[in-house]
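Written below as structure tokens is the structure these notes are about.
The values are calculated or read from the model by the stated rules, or taken from the named source; none is laboratory data. Source: prediction; values computed, not measured. Here Cβ is always computed from backbone atoms with ideal geometry, including for glycine, and neighbour counts include all displayed protein chains.
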Amino acid sequence: MKIQVCGETGPADPEYQEDTDMMQEVKIAGSRVGVLIGKAGATKKDLEIKTNTTITIDSKEGLVKVEAADENTISLLRAVEIINAINRGFSPERAFEMIEDEDLLLDVIDLSAMAEGPRQLDRLRGRIIGKDGRAREQIEDMTDVEISVFGKTVALIGYPEQMKTARAAIDMLIEGVPHENVFAFLDKKKKESKQDMISYYY
């Protein structure tokens, strides 16, 4: 990913303007280009409108260019984060939740760094997903964190504290901790969180 300032010209240049544009480039998988564009370009257009950005997609190279006025730098960074979420397997609907709630974060775990080969990578993915996706769903339900296992990565969208718990559970599965122990850990964390909330209000 690259970031640069666009449109900078010298003061002597007749086209010189005080306001410059910011630009970032993101590389995405070819299989996710169509998802980002959406039907008749609807998803791309919606993201542009909601983040005040201009998005250019090179479908052949999988290169996405995001531009915004200098005063919209935060919106530009959010748009890039949403594009990364879609690239990591999240649906646009799930990724767009980060526009509505600025406290939501995206975290990406690279499984390839923890696997010695394709077989071990598949095993790690299988432990996190579980039979018929039950392990992933259980972690999502117990932490209120959304999880996408896609390619060589595991991506999470959630609030910081819940994300920390979900990340710990996934790390435990990667390390080979039995599923029942991981779920017991999540149950304990959930009860502690509920007790903290009760103590806060009462």
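Data for the structure
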{"read-out": "Condition check for VAL154: β-branched (Val, Ile, Thr) and either out of contact with any strand residue (DSSP E or B) (no Cβ under 8 Å at 6 or more places or on another chain) or in a helix (DSSP H, G or I) (or both)", "value": "no"}
{"read-out": "Considering residues of the range 1-50 that are modelled with pLDDT of 95 or more and β-branched (Val, Ile, Thr) only, the residue surrounded by the fewest Cβ atoms within 10 Å (Cβ to Cβ)", "value": "ILE49"}
{"read-out": "Lone unmet requirement of (1) at pLDDT 95 or above; (2) outside the structural domain of GLU81 (by TED's automatic domain parsing); (3) part of a helix (DSSP H, G or I) for GLU93", "value": "(2)"}
{"read-out": "Selection within the range 101-116 - touching a helix residue (DSSP H, G or I) at 6+ places or on another chain (Cβ under 7 Å) and within 16 Å of GLY89 (Cβ to Cβ)", "value": "LEU106, ASP107, ILE109, LEU111, SER112"}
{"read-out": "Condition check for ALA115: surrounded by 17 or more Cβ atoms within 10 Å (Cβ to Cβ) and more than 20 Å from MET163 (Cβ to Cβ)", "value": "yes"}
{"read-out": "Members of the range 53-90 that are assigned to a strand (DSSP E or B) and hydroxyl-bearing (Ser, Thr, Tyr)", "value": "THR54, THR56"}
{"read-out": "Meets criteria (closer than 21 Å to ASN84 by Cβ, in contact (Cβ under 8 Å) with a residue 40 or more places away in the chain and not polar (S, T, N, Q)) for ILE139", "value": "yes"}
{"read-out": "Boolean, MET163 is part of a helix (DSSP H, G or I), within 19 Å of ASN84 (Cβ to Cβ) and modelled with pLDDT of 95 or more", "value": "yes"}
{"read-out": "Any hit, the range 107-115, residues being of a type in the set (D, E, K, R), part of a strand (DSSP E or B) and within 20 Å of VAL26 (Cβ to Cβ)", "value": "yes"}
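Every residue, every condition in (1) more than 14 Å from the chain's Cα centre (by Cα); (2) among the charged types (D, E, K, R), yes or no:
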residue	(1), (2)
LEU104	no, no
VAL108	no, no
PRO118	yes, no
ASP141	yes, yes
LEU156	no, no
ASN181	yes, no
